[in-house]
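Notes to accompany the following structure.
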Amino acid sequence: MIKYVLFVVVLGAFATCRPKATQPITPLDGSDSLTTASKQDSSPSANPAGFRLVESRYRTNAGVSVTAYSYNAFGRLLAIKSGPDQTGSQTLFKWINDRVLRTEQYYTNPPWSSSIQTGLPLRLMSYTDTEYGSDGLILFTKNYLVQDGKPDYRSYNTHQYDSGGSIVRSNVYGLDDGLWSYNTYAYDARGNVTTERYYSTQEGAIKLISTTTYEYDNKPNPFATTGRNYIIMDRNLNNITRKRYVREFDVPGVPRTTEERWTYTYRADGYPGNVTYQDGSREEFVYNR
């Protein structure tokens with residue numbers, strides 16, 4: 001199953017918005033009635049508008065895990081449910097107003113826990129509030145953990161863009177406005193991320209941690225039809241065929257460099273019907289037409 005990491009140019013050339021912990025979410029004037037209506041519709045539709053990925057089936061020797069994508073009639077993404085019976089995790093997408101998208105993450109067990117208990121119900125464990133500007137670009141994302149049913153505001157993200165609206169840097173700040181980490185992105189002529197660099201605080205200074213490079217086919221990316229908007233997985237036009245990761249320092253027992261290659265078979269319209277990963281696992285894609 002494809003995994004993604006978070007989101008370069010001259011730092012001073014871009015403006016960022018840094019939200020304080022008490023900063024309210026600004027309402028929108030709501031000038032686009034069609035967009036407003038599509039965001040307010042929370043009813044799943046069996047026939048969403050547009051061409052959409054509706055299911056992926058990840059197969060290993062251990063079994064099959066299904067991820068289902070549901071949309072409203074306008075084609076806006078409402079939910080992603082994953083697991084052998086689609087109850088292992090759940091992501092819900094809710095527009096608080098025309099500019100703020102809340103993404104809620106539900107799990108049976110905390111994703112950071114090393115011990116797994118069976119038979120637990122899904123519960124909300126974290127969420128993000130992403131605010132968009134009137135130009136459709138992300139202004140910032142506020143990140144929350146949910147503990148004992150109460151939200152705990154932990155950090156926020158800002159983004160920097162090139163002249164074409166592609167994200168070239170994504171920053172993670174603490175509540176004291178201190179920069180924790182950031183990722184930079186370089187693109188090919190088709191808008192695919194070719195190089196991703198991850199920087200983080202080490203020994204009191206921001207240092208380069210890793211560099212990941214990507215190669216692609218020339219076929220359409222199924223995840224781009226979902227509208228989810230993850231940088232590596234969803235915003236690329238085409239499909240990753242090779243991924244090479246290089247870490248800047250040694251970790252005992254772990255190679256500094258890893259490489260993966262993925263092989264696709266395609267439908268008549270060019271979209272992948274399935275992909276086989278480096279480890280032999282396989283993911284199948286189901287669309288609404």
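The values are calculated or read from the model by the stated rules, or taken from the named source; none is laboratory data. Being a predicted model, the structure only gives us computed values, none of them experimental. Positions of Cβ are generated from backbone atoms using ideal geometry, with glycine treated the same way; all protein chains shown enter the neighbour counts.
So in the stretch 59-80, with the set limited to residues that are surrounded by 18 or more Cβ atoms within 10 Å (Cβ to Cβ) and of a type in the set (Phe, Trp, Tyr), which one is farthest from residue 220 (Cα to Cα)?
Looking at the filtered set, the residue picked out is 71.
For the stretch 266-286, does any single residue satisfy the condition of being modelled with pLDDT of 95 or more, within 27 Å of residue 53 (Cα to Cα) and touching a Leu at 6+ places or on another chain (Cβ under 8 Å)?
Checked against the condition, which is being modelled with pLDDT of 95 or more, within 27 Å of residue 53 (Cα to Cα) and touching a Leu at 6+ places or on another chain (Cβ under 8 Å), the stretch 266-286 yields at least one hit.
If residue 194 passes every condition in (1) outside any strand (DSSP E or B); (2) at pLDDT 95 or above; (3) not basic (Lys, Arg) but one, which one does it miss?
Going through the list (1) outside any strand (DSSP E or B); (2) at pLDDT 95 or above; (3) not basic (Lys, Arg), residue 194 breaks only (1).
Considering only residues that are of a type in the set (Lys, Arg) and more than 17 Å from residue 78 (Cβ to Cβ), which ones fall in the stretch 95-135? Working first, answer last.
So the first thing to find is which residues in the stretch 95-135 are of a type in the set (Lys, Arg), and the list is 99, 102, 123.
Scanning the stretch 95-135 gives 99, 123.
Among the strands (runs of 3 or more DSSP E) confined wholly to the stretch 135-175, which include 3 or more residues that are within 21 Å of residue 236 (Cβ to Cβ) and at pLDDT 95 or above?
The qualifying strands (runs of 3 or more DSSP E) are 150-161, 167-174.
List the pairs whose first member sits in the stretch 229-257 and is on the phi > 0 side of the Ramachandran plot, whose second member is assigned to a loop (DSSP other than H, G, I, E, B) and not polar (S, T, N, Q), and whose Cβ atoms are under 9 Å apart, counting only residues at least 6 apart or on separate chains?
229/235
From the list 93, 74, exactly one residue is more than 18 Å from the chain's Cα centre (by Cα) and of a type in the set (Phe, Trp, Tyr). Which is it?
Values: 93 fails: more than 18 Å from the chain's Cα centre (by Cα).
Of 93, 74, the one residue that is more than 18 Å from the chain's Cα centre (by Cα) and of a type in the set (Phe, Trp, Tyr) is 74.
For residue 110, work out the one condition from (1) of a type outside the set (Phe, Trp, Tyr); (2) farther than 25 Å from residue 38 by Cβ; (3) in contact with a Lys or Arg (Cβ under 6 Å, 6 or more places away or on another chain) it doesn't fulfil.
Unmet for residue 110, out of (1) of a type outside the set (Phe, Trp, Tyr); (2) farther than 25 Å from residue 38 by Cβ; (3) in contact with a Lys or Arg (Cβ under 6 Å, 6 or more places away or on another chain): (3).
Only one of these is more than 30 Å from residue 208 (Cα to Cα), among the basic types (Lys, Arg) and more than 19 Å from the chain's Cα centre (by Cα): 102, 123. Name it.
Numbers: 102 fails: more than 19 Å from the chain's Cα centre (by Cα).
Step by step, each of 102, 123 is checked, and only 123 is more than 30 Å from residue 208 (Cα to Cα), among the basic types (Lys, Arg) and more than 19 Å from the chain's Cα centre (by Cα).
Would you point out the residue of the stretch 195-254, among those that are aliphatic (A, V, I, L, M) and more than 30 Å from residue 71 (Cα to Cα), that is surrounded by the most Cβ atoms within 10 Å (Cβ to Cβ)?
Of the stretch 195-254, the ones aliphatic (A, V, I, L, M) are 205-206, 208-209, 224, 231-233, 237, 240, 246, 251, 254.
From what's left, more than 30 Å from residue 71 (Cα to Cα): 205-206, 208-209, 246, 251, 254.
Values: 205: 8, 206: 13, 208: 14, 209: 16, 246: 14, 251: 8, 254: 8.
Looking at the filtered set, the residue picked out is 209.
Within the stretch 129-142, identify whether any single residue is among the hydroxyl-bearing types (Ser, Thr, Tyr), surrounded by fewer than 15 Cβ atoms within 10 Å (Cβ to Cβ) and over 21 Å from residue 177 (Cα atoms), and answer yes or no. Steps first, please.
Quick first cut of the stretch 129-142, residues among the hydroxyl-bearing types (Ser, Thr, Tyr) only: 130, 132, 134, 141.
Now restrict to residues that are surrounded by fewer than 15 Cβ atoms within 10 Å (Cβ to Cβ): 134.
Restricting the remaining residues to those that are over 21 Å from residue 177 (Cα atoms) gives 134.
Scanning the stretch 129-142 turns up at least one residue that is among the hydroxyl-bearing types (Ser, Thr, Tyr), surrounded by fewer than 15 Cβ atoms within 10 Å (Cβ to Cβ) and over 21 Å from residue 177 (Cα atoms).
For the stretch 261-280, name all the residues that are over 30 Å from residue 47 (Cα atoms) and surrounded by 14 or more Cβ atoms within 10 Å (Cβ to Cβ).
Hits for the stretch 261-280 are 262, 277.
Which strands (runs of 3 or more DSSP E) does the stretch 44-126 wholly contain that include 3 or more residues that are farther than 27 Å from residue 143 by Cα? Working first, answer last.
Working: elements: 53-60, 63-71, 77-83, 89-95, 100-107.
The qualifying strands (runs of 3 or more DSSP E) are 53-60, 63-71.
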